[in-house]
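The structure appears right after this line, and notes come after that.
The values are calculated or read from the model by the stated rules, or taken from the named source; none is laboratory data. Keep in mind that this is a model prediction, so the values were computed, not measured. Cβ placement follows ideal geometry from the backbone for every residue including glycine, while neighbour counts extend to all protein chains displayed.
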């Protein structure tokens with residue numbers, strides 16, 4: 001397998017990339033999804049209301065990206081969560097638990113000073129393709 005085997009993924013069901021990158025890349029049986037913010041793909045604007053609605057939109061966007069890449073949330077093996085305020089972790093975690101059930105993916109969570117478009121949460125993931 002080499003870099004020529006990778007496939008860039010785009011979908012209208014998630015926000016367009018904000019720069020020179022793909023929303024996801026498929027290489028072999030793996031899907032590498034770029035970080036998603038709580039941006040509504042229909043308006044290209046950040047959803048209002050803070051951590052909870054943003055987390056819901058982030059995970060909906062990731063779900064749609066994974067489906068466009070031939071995967072699904074159940075196939076996620078690793079996530080990385082970026083928060084601008086670690087004090088919001090419990091609220092993010094409650095929403096996260098609605099999208100991921102038993103046999104949870106591995107996860108790292110880090111606090112960052114800022115995110116694009118003023119977002120308070122961003123999540124990226126790695127998933128296996130659906131079998």
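Which residue, of 114, 37, is at pLDDT 95 or above, within 12 Å of the chain's Cα centre (by Cα) and closer than 18 Å to residue 18 by Cβ? Sole residue among the options that is at pLDDT 95 or above, within 12 Å of the chain's Cα centre (by Cα) and closer than 18 Å to residue 18 by Cβ: 37.
Only one entry of 101, 91 meets the criterion of being in contact (Cβ under 8 Å) with a residue 40 or more places away in the chain and surrounded by fewer than 20 Cβ atoms within 10 Å (Cβ to Cβ), and that entry is 91.
Total residues in the stretch 104-123 satisfying the condition of being outside any loop (DSSP other than H, G, I, E, B) and either surrounded by 18 or more Cβ atoms within 10 Å (Cβ to Cβ) or on the phi > 0 side of the Ramachandran plot (or both): the figure is 5.
Look at (1) assigned to a strand (DSSP E or B); (2) without any contact (Cβ under 8 Å) to a residue 24 or more places away in the chain and you find that residue 34 fails only one, number (2). Each residue in the stretch 59-98 was checked for being farther than 26 Å from residue 27 by Cβ, touching a helix residue (DSSP H, G or I) at 6+ places or on another chain (Cβ under 7 Å) and assigned to a helix (DSSP H, G or I), and 4 pass. Closer than 17 Å to residue 73 by Cα, surrounded by 12 or more Cβ atoms within 10 Å (Cβ to Cβ) and in contact with a strand residue (DSSP E or B) (Cβ under 6 Å, 6 or more places away or on another chain): does that describe residue 47? So residue 47 fails the test.
Please verify whether residue 71 is surrounded by 13 or more Cβ atoms within 10 Å (Cβ to Cβ), over 10 Å from the mean Cα position of the chain (by Cα) and either touching a residue at least 12 places away in the same chain (Cβ under 8 Å) or under 19 Å from residue 116 (Cα atoms) (or both), treating the condition exactly as stated. Considered against the rule, which asks whether it is surrounded by 13 or more Cβ atoms within 10 Å (Cβ to Cβ), over 10 Å from the mean Cα position of the chain (by Cα) and either touching a residue at least 12 places away in the same chain (Cβ under 8 Å) or under 19 Å from residue 116 (Cα atoms) (or both), residue 71 comes out as yes.
Of all residues in the stretch 57-68, those being touching a residue at least 40 places away in the same chain (Cβ under 8 Å) and surrounded by fewer than 23 Cβ atoms within 10 Å (Cβ to Cβ) number 3.
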